[in-house]
Amino acid sequence: MYGMLRGSLTAKSPRSQQQLPRLEPPDKPKVFKTIQKHLKLPLTGLREVGSGYNAFTEFESDVEKLLTQKTTNTLTSIGLEARLPPKIRAQRSVVCRQVDSWIGGKSVDELKQKITHRNPHLETRVIIKFSQYTHVFKIEFATINMASHALQHGILCEHVKIAPSQIQQEKFIDILICF
């Protein structure tokens, strides 16, 4: 059994011109019941944090289930939203280095379109460019498996292949702040 943090549920607060008070999250039994009964996703625990909960699951694959459209809609109905933990986000992300400036010089939207067109099996969520560096950018994929595939086989972009040797897994470093 894994005892690690697997997903975060945070209560939504409405946005407007005025500062509104945070909403109180639903009680634990309601969250457990909703996720187990309606979504068939057993949680091993919930820990209260701020205006929401950290959700614990047995397997990392269950985190993916917390982020599906059905789950998002169900959680929204009880005043919660699922957020991806930083560790899982890093596992889904790769950094492409030493990329030709012809590819790296394209806009984020163009890059996303070119990568999706040439690699239909890879769903890119976010592409982040680093200010003036045209030879480096980061890609966040929809799943950890897609990131692993890119690391092993490379990525085609337009008529250029970004080789596995140019792709690196994003590193996550958990920092413990002591006062």
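Treating only the Cβ of Lys, Arg, Asp and Glu as charged (+1, +1, -1, -1), what charge dipole size does the chain show about its Cα centre? Round to the nearest 20 debye.
About 240 debye.
Taking only Cα atoms of segment 54-109, what ratio of Rg to Rh do you get with Rh as the Kirkwood inverse-distance radius?
1.17
Would you be so kind as to identify which of 164, 46, 90 lies farthest towards the positive end of the dipole of the chain, taking Lys and Arg as +1 and Asp and Glu as -1 on Cβ and the Cα centre as origin?
46
Using the heavy atoms of the protein chains and a 1.4 angstrom probe, tell me the accessible area per residue for segment 92-179 in square angstrom.
62
Given a Förster radius of 25 Å and the C-beta distance between residue 153 and residue 133 as r, what FRET efficiency does 1/(1 + (r/R0)^6) yield to the nearest 0.05? Don't jump to the answer; show the numbers that get you there.
Working: r = 24 Å, r/R0 = 0.97.
Efficiency for this residue pair is about 0.55.
Dimensions of the chain along principal axes (Cα, Å, largest first)?
Principal extents (Cα only, largest first): 53, 44, 39 Å.
Let me know the whole percent of all Cα-Cα pairs from segment 85-176 that are separated by more than 19 Å.
Considering segment 85-176, 32 percent of its Cα-Cα pairs are separated by more than 19 Å.
Accessible area of the chain with a 1.4 Å probe: how many percent of it is carbon plus sulfur?
On the way: 5940 of 11180 Å².
C and S fraction of accessible area: 53 percent.
Ignoring everything except DSSP H segments at least 4 long, calculate the 222 nm mean residue ellipticity for the chain; use -39,500 (n - 2.57) per segment, divide by total residues, nearest 500. Display every interim value, and only then the final one.
Details: 7 runs with 52 residues, N = 179.
That calculation yields -7500 deg cm²/dmol at 222 nm.
The values are calculated or read from the model by the stated rules, or taken from the named source; none is laboratory data. No experiment lies behind these values; they were computed from the predicted model shown. Neighbour counts run over all protein chains shown; Cβ positions are idealised from the backbone, glycine included. Surface areas here come from the heavy atoms of the whole protein model, side chains and all, with no ligands, DNA or RNA. Shrake-Rupley method; radii C 1.70, N 1.55, O 1.52, S 1.80 Å.
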